[in-house]
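Below is one structure, written out as structure tokens; comments come after it.
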Amino acid sequence: MSLHSGARVARRTLLGAVGVGAVAGLAGLPSLASADTPPAKPTDALRQRWFDQLTGGTDLDPTDPDIAVAVRRIERAATSALSTLDTSADRTALWADLASPTASHDVTANFSRIAQIANSWATVGTAHHADQTVADAILGALDWMSDNRYSPALARYDNDWDWEIGAPTQLNNTMVLLYDVLGTERLARLTGAVDFYTPDPNLWRVDRQIATGANRVWIATVVAIRAVLDGDTDALLRVRDALSDVEGGGANSIFAYADGGNGTGEGFYADGSYLQHWKHPYNGGYGKELLNTLSKLLHLIGNSDWQVTDPDAGNVYAWVDNAFDPLLIRGDVVQSVCGREIARPSKQGHVPAQTVIEATLRLAPAAPADTATHLTALAKRWITEDTYRDFLTVTDISSLVAARSVLASAVTADPRPVRHKQYPQMDKAVHRRPTFSYSVSAYSSRIYDYESIQRENLHGWHLSDGMVLLYTDDLGHYSGDYWPTVDPYRLAGITVDSTRLADSAEQRTVSAADWVGGAVVPRHTLAGYGMDLRGVGSTLRAYKSWFFVDDAIVCVGSGITGGAATVETIVENRKLTDPAVQFTVDGAAHGGTGTLARVSWCHLAGTGGYVFPDRPTLHALREQRTHTWREINLKYGTDTPVTRTYQTLWQDHGVAPTAGCYRYVQLPMASAATTARWASTPPVEVTASTDTVHAVRGPGLLAANFFAAGRTGLLTADGACSAVLVRRGSGSTLAVADPTQLRGTVTVELDGARRLVSAADGVQVTARPGGVRVVVDTTARTPGATATVEFEEG
């Protein structure tokens with residue numbers, strides 16, 4: 001029995017203008033639609049859910065302006081695919097640009113185009129809806145793929161992901177969309193191919209490895225949709241259990257946090273980090289895809305005989321809050337957690353955030369009431385604060401309908417966060433303020449430097465060498481062809497050996513250093529963060545710190561040694577929306593290029609100010625840079641040259657320095673006048689910048705990164721740690737962390753008479769002559785996390 005209007009195959013009397021030519025060009029094809037309808041199955045209701053998720057359902061109103069826009073977008077994609085589809089009897093490929101018999105990506109891409117046509121055929125209101133000729137073109141294409149590219153009788157090649165995830169995902173969707181016209185023989189043949197390549201929701205790759213993280217969810221979803229099509233209820237039970245890794249004793253459960261050290265360590269951590277491919281930070285890549293695909297799968301099997309019962313499943317909602325919200329900045333996702341996807345032109349322009357929003361919209365309806373309200377408030381803020389890319393004009397129809405419901409709801413949008421968040425398990429930090437956001441990307445002995453596989457992200461060498469990303473009112477800064485045009489040796493924030501490296505050199509490399517991380521004062525935007533930098537493929541070493549003091553970031557570097565060529569610290573490298581934007585040096589307008597001697601402060605209009613207490617010599621360069629995406633991505637890049645203008649500012653430490661250093665204050669979004677005042681009367685000053693300790697002091701603030709045992713101001717540390725002391729009135733807070741994640745205890749002595757008010761678990765406070773001794777048991781909390789103590793002074 002038909003479950004959706006797509007089952008009716010009848011030539012439309014009137015075709016929309018966009019689709020007429022494409023469909024007319026297919027005239028004369030023999031009908032391949034089968035008259036035999038598959039018998040009813042216990043999974044038919046689930047198939048209907050997936051169909052509705054793909055198309056928006058059968059009760060769409062094509063006259064609704066928003067829906068009409070989405071329908072036309074689906075229609076245009078199908079028309080484009082149909083216009084170049086080869087339907088000849090002796091064809092050797094479906095599309096000339098996807099004809100490779102050795103590149104597995106072309107297998108996925110072929111099925112993706114077929115699915116685009118199928119989606120238009122099944123969606124109410126398109127020119128292709130329920131059109132007999134279009135259906136025959138789709139079925140013919142499926143048969144060709146079965147005969148020539150995707151069948152148990154054919155050899156696989158290239159990338160397992162395409163055979164087991166990419167291609168069958170698109171094929172499954174097409175079979176759901178055209179289910180009633182496939183015929184039993186074709187359905188069995190195609191689902192048999194899917195089952196051949198992806199038979200087990202726990203395993204993948206030709207050598208049947210345990211699937212982890214996003215790959216496990218993708219594999220499980222492929223098996224689930226195949227099972228729905230076949231009525232295979234046993235397979236659906238295995239899918240449910242695979243999400244919790246029942247067969248593996250939960251070692252690779254999707255829902256459990258990876259902090260326990262089970263399995264490969266891939267997945268979400270309690271601090272919000274997400275790792276994939278062993279040690280790569282990937283919230284904005286694989287993490288978002290896991291959330292997206294899992295939200296679809298949970299919707300598919302929810303409230304059914306195969307629904308998830310794992311008590312850890314509620315962690316999914318916590319991921320939205322902890323793993324994604326701090327990293328979603330006005331429609332963009334912090335680029336340092338997007339992995340090699342930053343090198344794909346299709347993933348720029350706030351595309352990753354769209355995926356997170358869509359997933360959250362799917363999760364909210366089934367969440368507990370309070371959680372659903374909170375998710376709705378988050379989605380409302382994310383959608384409305386992105387003025388660069390309108391979510392409603394780019395999302396799928398189902399998410400469009402859900403988003404409009406959210407926007408029309410009485411729920412108030414969640415306020416934009418003002419917070420400092422560190423991710424110790426992936427060596428990243430993000431600082432959120434009312435007018436800007438700022439992130440730091442590092443790596444250590446625990447985390448890889450960058451990923452460059454599948455011929456992608458070829459120039460990612462220095463993405464974790466202290467790169468800072470500044471998010472301002474220019475919401476498209478890291479979109480608009482930023483990554484192919486920015487100088488990869490002069491990323492903002494890094495200290496770098498300028499020796500030229502080969503494509504993909506040193507990718508998937510851990511550092512020899514353990515010291516990466518910092519301490520955060522709760523309920524404030526005050527923190528210390530730092531790293532012991534070991535240069536990629538270089539003898540370069542540097543101690544680097546960032547002290548976050550609300551709207552200022554104090555940057556300190558010392559012990560800069562080694563390297564084979566000139567070593568530089570990059571203060572700024574900004575893509576300019578206006579090539580003539582004002583650059584000011586010590587109060588005077590400057591052209592943006594040249595050597596700047598004894599600089600006290602600089603200001604870049606629309607970006608902010610920079611203060612240099614040591615009055616160093618700096619170098620500035622304003623340049624137009626022309627490059628192609630192909631230079632950084634051989635797989636998905638394009639050869640069209642793109643040109644962007646950049647303002648760069650850096651300090652030159654010379655060739656193979658022996659004791660290089662730097663000190664500067666970054667004031668994002670500050671005016672030139674505010675920057676000048678900071679330079680003349682600095683409210684925060686650097687009090688230590690040795691190879692042992694970096695420290696800053698301001699009104700009621702002392703923050704220090706100890707790279708070894710030492711003393712600064714009121715603080716004495718017995719070894720490596722980060723400590724921040726804040727005084728407010730008669731009270732004070734001490735925050736302490738172990739960035740090495742190796743010390744069992746950390747001891748910090750604090751001068752001055754103090755009375756203990758409260759201490760975190762695992763913290764002991766004892767009096768000593770002239771002050772107090774604080775001993776932190778670092779094993780009492782997650783690795784790298786901050787412990788706090790509250791005092792009354794006097």
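What to note about this one:
- Residue match in region 736-753 (condition: part of a strand (DSSP E or B), over 17 Å from Arg697 (Cα atoms) and at pLDDT below 95): no
- Flag for Ala673 being in a helix (DSSP H, G or I) and either in contact with a strand residue (DSSP E or B) (Cβ under 9 Å, 6 or more places away or on another chain) or under 30 Å from Val521 (Cα atoms) (or both): yes
- Contact annotation: residue pairs with Cβ atoms under 8 Å, 6 or more positions apart or on different chains, pairing a residue in region 562-584 that is on the phi > 0 side of the Ramachandran plot with a partner that is assigned to a loop (DSSP other than H, G, I, E, B) and of a type in the set (A, V, I, L, M), are Gly562/Leu540; Gly562/Ala656; Gly563/Leu540; Gly563/Ala656.
- Within region 659-703, tally of residues that are charged (D, E, K, R) and touching a Gly at 6+ places or on another chain (Cβ under 6 Å): 1
- Within the set Leu190, Leu229, the sole residue that is in contact (Cβ under 8 Å) with a residue 60 or more places away in the chain and either in a helix (DSSP H, G or I) or under 30 Å from Gln132 (Cα atoms) (or both) turns out to be Leu229.
- On the stretch given as region 579-602, residues that are touching a Gly at 6+ places or on another chain (Cβ under 8 Å) and over 18 Å from Tyr662 (Cα atoms) total 2.
- Test result for Tyr646, within 28 Å of Gln348 (Cα to Cα) and surrounded by 17 or more Cβ atoms within 10 Å (Cβ to Cβ): yes
- Of all the numbered requirements in (1) closer than 21 Å to Ala40 by Cα; (2) of a type outside the set (Ser, Thr, Tyr); (3) out of contact with any helix residue (DSSP H, G or I) (no Cβ under 6 Å at 6 or more places or on another chain), Asp180 misses one, and that requirement is (3).
- Single residue of Gly517, Gly535, Gly530 found to be small (Gly, Ala, Ser), touching a Ser or Thr at 6+ places or on another chain (Cβ under 6 Å) and either buried (at least 24 other Cβ atoms within 10 Å of the Cβ) or assigned by TED's automatic domain parsing to the domain that holds Gly559 (or both): Gly530
- Pick from region 49-89, criterion of a type in the set (D, E, K, R) and part of a helix (DSSP H, G or I), ranking: farthest from Asp390 (Cα to Cα): Arg49
- Only listed residue being under 19 Å from the mean Cα position of the chain (by Cα) and under 27 Å from Ser346 (Cα atoms), chosen from Tyr257, Tyr269, Tyr274: Tyr274
- Residue in region 110-124 that is in contact with a Gly (Cβ under 6 Å, 6 or more places away or on another chain) and farther than 24 Å from Glu164 by Cα present: yes
- Counted residues, region 355-370 - those being part of a helix (DSSP H, G or I) and surrounded by 18 or more Cβ atoms within 10 Å (Cβ to Cβ): 10
- Residues of region 132-162 satisfying the condition of being more than 28 Å from Trp204 (Cβ to Cβ) and either of a type in the set (Gly, Ala, Ser) or touching a helix residue (DSSP H, G or I) at 6+ places or on another chain (Cβ under 6 Å) (or both): Thr133, Val134, Ala135, Ala137, Gly140
- Taken over region 727-749, the criterion of being surrounded by 19 or more Cβ atoms within 10 Å (Cβ to Cβ) and β-branched (Val, Ile, Thr) is satisfied by Thr733, Val736, Thr740, Val746, Val748.
- Any hit, region 92-108, residues being under 32 Å from the mean Cα position of the chain (by Cα), outside any loop (DSSP other than H, G, I, E, B) and either β-branched (Val, Ile, Thr) or buried (at least 24 other Cβ atoms within 10 Å of the Cβ) (or both): yes
- Summed over region 656-699, the residues that are more than 12 Å from Phe547 (Cα to Cα) and among the charged types (D, E, K, R) give a count of 2.
- Every pair of residues 6+ apart whose Cβ atoms lie under 9 Å, when the first sits in region 395-413 and is farther than 19 Å from Ala377 by Cβ and not assigned by TED's automatic domain parsing to the domain that holds Ala70 while the second is among the basic types (Lys, Arg) and surrounded by 18 or more Cβ atoms within 10 Å (Cβ to Cβ): Ser398/Arg362
- Check on Val418, at pLDDT 95 or above, aliphatic (A, V, I, L, M) and over 26 Å from Arg49 (Cβ atoms): yes
- Sub-6 Å Cβ pairs linking a first residue in region 244-262 that is of a type in the set (Asp, Glu) to a second residue that is crowded, with 20+ Cβ neighbours inside 10 Å and part of a loop (DSSP other than H, G, I, E, B), at least 6 apart or interchain, are Asp245/Asn252; Asp245/Ser253; Glu247/Asn202; Asp259/Tyr269, ordered by first then second residue.
- Verdict on Ala402 being crowded, with 18+ Cβ neighbours inside 10 Å and either under 19 Å from the mean Cα position of the chain (by Cα) or not charged (D, E, K, R) (or both): yes
- Restricting region 506-531 to residues that are out of contact with any His (no Cβ under 9 Å at 6 or more places or on another chain) and of a type in the set (D, E, K, R), the residue that is modelled with the lowest pLDDT is Arg523.
- Screening Asp390 against (1) surrounded by fewer than 23 Cβ atoms within 10 Å (Cβ to Cβ); (2) touching a residue at least 24 places away in the same chain (Cβ under 8 Å); (3) over 21 Å from His299 (Cα atoms) leaves a single unmet condition, (2).
- Some residue of region 215-226 being touching a His at 6+ places or on another chain (Cβ under 9 Å), under 27 Å from His128 (Cα atoms) and either assigned to a helix (DSSP H, G or I) or at pLDDT below 95 (or both): no
- Looking at region 577-644, the strands (runs of 3 or more DSSP E) lying wholly inside it that each contain 3 or more residues that are within 25 Å of Asp474 (Cα to Cα), assigned by TED's automatic domain parsing to the domain that holds Met669 and not hydrophobic (A, V, I, L, M, F, W, C) sit at 608-611, 618-627.
- Filter result for Gly528 (in a strand (DSSP E or B) and either under 23 Å from the mean Cα position of the chain (by Cα) or closer than 18 Å to Val571 by Cβ (or both)): no
- Scanning region 538-556 for residues that are buried (at least 23 other Cβ atoms within 10 Å of the Cβ) and not in a strand (DSSP E or B) gives a single hit, Leu540.
Conditions tested, residue by residue: (1) within 18 Å of the chain's Cα centre (by Cα); (2) aromatic (Phe, Trp, Tyr); (3) at pLDDT 95 or above.
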| site | (1), (2), (3) |
| --- | --- |
| Pro424 | yes, no, yes |
| Phe436 | no, yes, yes |
| Ser445 | no, no, yes |
| Asp449 | yes, no, yes |
| Glu456 | yes, no, yes |
| Asp465 | no, no, yes |
| Tyr478 | yes, yes, yes |
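- Cβ-Cβ under 6 Å pairs, at least 6 apart or on other chains, region 49-78 side within 30 Å of Ser304 (Cβ to Cβ), far side part of a helix (DSSP H, G or I) and modelled with pLDDT under 95: Thr58/Ser5
The values are calculated or read from the model by the stated rules, or taken from the named source; none is laboratory data. Every value quoted in this text rests on a predicted model; they were computed, and no experiment measured them. Cβ coordinates were reconstructed from backbone atoms using ideal geometry, including for glycine residues, and neighbour counts include every protein chain displayed.
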